[in-house]
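Below is one structure; the comments refer to it alone.
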Amino acid sequence: DPSPQGSLLYLDALGAAFPRALARRGTAVLRWSPGCPRAPAGWPLPSLYCTPAAAGTLPSRAAALRLQLLFALRQRALRVLEAGLPAELHDALVALRDEWPQLAKELALGRLSPQPGLPEGVRDQLQVLLTPDAARAAELRAECSRGFEGVVSRLWPQLEVVVVMSAHGAERLYCDSLRQADCQGLPFYCPFYQAAGALLGVNLWPAEPVPRFLLCPDWAFCEFLPCLANKEPRTVLLDELWEGREYGLVVTAQPGEYRCCTGEVLKVTGFHKQCPMVEPVRRESQTLSVRGESIPEEQFCQSLCRTLRMWPGARLIDYICVESSLLGDSSGPCAPHYEVFMELQGLRDLSEGQRYKLDQCLQEDFPTYKSFRFKGSIGPLRLHLVRPGTFTRLREALGSPTPMPRVLHEEQLLRLVQGSVIS
């Protein structure tokens, strides 16, 4: 949870950039926190929030997000939509697309319907907070009937900003998708940088499109490993960082805890009153490598997006990668390779030529990969299409609100994805 200092800095920055954002009951939360409620970003001012804390604590992620969405829909005068992860906002809006007639009925009647994952006791507890609102239900039906491009601004016409707790790495895909469709025209603000369970930095510039985080010296003890060091690297401290360079992050969150190499790589973008400002650039744990070729998460995503432009009509919903070693005997007698599972909109199938385009783009973008492919040390990439909703179920199966992995390392989760392949 955010520290008092971090939350107060957030509220100050938010209020300065969006003066009407701090309205009473003007913020709705979409955040799954199974078992116990987690403090929202602006917890020192609880009067900001219109979402009951119990709504996010259900064991079922889908039920929790749907319930929070319903309470958000009740409040037409929302100023801020706050999501723990962009993927949570994305999946809540998918639920809106799929279930808006039922949601409108519940708003009109002021009654929660029985839902899978919604215990009767919790339903009774939250039921007393609802009152019939036929006018708001009619508005929901009218706006959803018009389509879903820009639907967030139409449902909440006074909304000023979308706040997300992470906007880098895997979550950037969902931010981009939301900006292009449901949240069209709305600014996104990511106020905090967290790693290894510790709050490390705050973004004081809500209006800037690319978040940069001011590292705060007394929130945790941070050390930095210079990337591409010519000799055996040693860690450096905050006052030894250089602008423009990249560093691996090592954290000791509290006195007495072990040092943790987080696997996060940060780039120093400048300084603010002598404190470094950083931008997260990659997660080392999400690097693809079957022969030591090391293809970073962000660069793989760029190659994938370049490939998509060669498939007319295709829109990427989600994807995940697997190294063939996890597949065992099911991958067949072949050289080590990557397998990519994708959910696409606009295409039901891909030809072999279209599938090969991704492998071709990787070879063009990564000479080391191309060399291994030429020698036969790495086999051709295999691409699979999965049915809609696969990645929503995968996020539920992860069991906790963590950023989406892009390289899968667990066999149980792999079987879930393999069971959804349609092509």
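The values are calculated or read from the model by the stated rules, or taken from the named source; none is laboratory data. Bear in mind that the values here come from a model prediction, so they are computed numbers and not experimental data. For neighbour counting, all protein chains shown are included, and Cβ atoms are generated from backbone atoms with ideal geometry for every residue, glycine included. Ligands, DNA and RNA are stripped out before the accessible areas are found, and what is left, the full protein with its side chains, is counted by its heavy atoms. Shrake-Rupley method; radii C 1.70, N 1.55, O 1.52, S 1.80 Å.
Per the Kirkwood definition applied to all pairs of different Cα atoms, how many angstroms is the hydrodynamic radius of segment 213-284? Display every interim value, and only then the final one.
On the way: mean 1/r = 0.0803 Å⁻¹.
It is 12.4 Å.
Sticking with the crude label model, points 7 Å out along Cα→Cβ, report the distance from Glu410 to Glu364 in nm, one decimal please.
About 3.7 nm separates the two model spin labels.
Assuming a ≥ b ≥ c are the square roots of the Cα gyration tensor eigenvalues, decide whether segment 164-310 counts as rounded (a/c under 1.5), prolate (otherwise, with a/b larger than b/c) or oblate.
Taking the square roots of the gyration eigenvalues as a ≥ b ≥ c, segment 164-310 is oblate.
Please compute P(r) over all alpha-carbon pairs of segment 251-298, binned at 5 Å starting from zero, and give each bin as a whole-number percent.
For segment 251-298, the pair-distance distribution reads 5, 17, 16, 17, 19, 15, 7, 3, 1.
What Rg and what Dmax come out for the chain when only alpha-carbon atoms are used, in angstroms?
22.6, 69
Using only DSSP helix segments of four residues or longer, with each worth -39500 (n - 2.57), what per-residue ellipticity at 222 nm results for the chain after dividing by its residue count and rounding to 500?
For the chain, the value works out to -10000 deg cm²/dmol.
Can you compute the modelled spin-label distance between Arg20 and Thr252, with each label point 7 Å from Cα toward Cβ, in nm?
With each label placed 7 Å out from Cα toward Cβ, I get 4.9 nm.
Please give the FRET efficiency for Ser371 paired with Ala54, using the beta carbon to beta carbon distance and R0 = 56 Å, rounded to the nearest 0.05.
Step by step, r from the Cβ atoms, then E = 0.50.
Taking H as built 1.01 Å from N, whose amide H comes closer than 5 Å to the amide H of Arg282, not counting residues under 5 places away?
Those lying under 5 Å, H to H, from Arg282 are Val265.
Hey, can you rank 240-250, 343-353 by average C-beta count inside 10 Å, highest first? Could you put the intermediate results ahead of the total?
Values: 240-250: 16.5, 343-353: 12.9.
Order by mean packing, descending: 240-250, 343-353.
Does segment 4-190 come out rounded, prolate or oblate by the C-alpha gyration tensor, with a ≥ b ≥ c the root eigenvalues, rounded set by a/c under 1.5 and, if not, prolate when a/b is larger than b/c and oblate if not?
Because its axes are fairly even, with a/c under 1.5, segment 4-190 counts as rounded.
Just add up the charged neighbours of Glu240: K/R +1, D/E -1, any other residue whose Cβ is under 11 Å from the Cβ of Glu240. Write out the running numbers ahead of the final one.
Values: positive: Arg234, Arg245; negative: Glu223, Asp239.
Residues near Glu240 contribute 0 overall.
Based on the Cβ-Cβ distance from Leu347 to Val128, what FRET efficiency comes out when R0 is 56 Å, to the nearest 0.05?
Rounded to the nearest 0.05, the efficiency is 0.75.
Spin-label point model (7 Å from Cα, Cβ direction): what's the Ser47 to Ser289 distance in nm?
Going by the 7 Å Cα→Cβ label model, 5.4 nm.
Where both residues lie in the chain, what percent of DSSP beta bridges are antiparallel, nearest 5?
Among the beta bridges of the chain, antiparallel pairing accounts for roughly 70 percent.
So for segment 111-172, Kirkwood radius off the Cα pairs, Stokes-Einstein at 25 °C and 0.890 mPa s: how many µm² s⁻¹? Intermediate results must be reported in sequence, preceding the final value.
Details: Rh = 15.0 Å.
In µm²/s, the coefficient is 163.
Any chance you could get the radius of gyration and Dmax over the Cα atoms of segment 278-339, in Å?
13.9, 45
With a 1.4 Å probe and all protein chains in place, put Phe374, Phe391, Phe271 in order of accessible area, largest first.
Sorted by accessible area, descending: Phe374, Phe271, Phe391.
Local charge sum around Met404 (other residues, Cβ-Cβ under 15 Å, Lys/Arg +1, Asp/Glu -1)?
Surrounding charge for Met404 is -3.
When the chain is treated as a GNM, springs tying every alpha-carbon pair under 10 Å, which of Tyr189, Tyr369, Tyr174 comes out with the largest mean-square fluctuation?
Maximum fluctuation in the GNM of the chain, among the listed residues, is at Tyr369.
Would you mind telling me which residue in Val29, Val202, Val210 has the biggest mean-square fluctuation in a Gaussian network model of the chain, where springs connect alpha carbons within a distance under 10 angstrom?
Val210
Please report, as a whole percent, how much of the solvent-accessible surface of the chain comes from carbon and sulfur atoms (probe radius 1.4 Å).
The computed percentage sits at 53.
Net charge around Ser371, counting only other residues with Cβ within less than 15 Å of its Cβ (Lys, Arg = +1; Asp, Glu = -1)? Show your work: numbers first, answer last.
Values: positive: Arg291, Lys370, Arg373, Lys375; negative: Glu293, Asp359, Glu364, Asp365.
Local charge sum for Ser371: 0.
Pick out which of Pro119, Pro59, Pro276 has the largest mean-square fluctuation in a Gaussian network model of the chain, springs linking Cα atoms closer than 10 Å.
Pro119
Shape verdict for segment 289-419, please, from the Cα gyration tensor: rounded (a/c under 1.5), prolate (a/b greater than b/c) or oblate.
On the way: a/c = 1.60, a/b = 1.19, b/c = 1.35.
Note, shape of segment 289-419 comes out oblate.
Give me a comma-separated list of calculated 3J(HN,Hα) values for segment 35-44, in order, Karplus coefficients 6.51, -1.76, 1.60 applied at θ = phi - 60°, integers in Hz, x for any Gly or Pro.
x, 8, x, 9, 5, x, 4, x, 4, x
Accessible area per residue, 1.4 Å probe, Å², for segment 275-358: what's the number?
It amounts to 44 Å² per residue over segment 275-358.
Among all the aspartates and glutamates, which ones have a C-alpha under 13 Å from Lys370's C-alpha, if same-chain residues fewer than 8 places away are not counted?
By straight Cα distance, Lys370 reaches Glu293, Asp359.
Under a 5 Å amide H to amide H cut-off, with H placed in plane at 1.01 Å, what residues pair with Cys260 once short-range neighbours are removed?
Long-range HN contacts for Cys260: Val251, Thr252.
If I take every Cα pair under 8 Å that is 6 or more residues apart in segment 213-284, average their sequence separation and divide by the length, what percent do I get for the relative contact order?
Working: 145 pairs, mean separation 22.5, N = 72.
Worked out over segment 213-284, it gives 31 percent.
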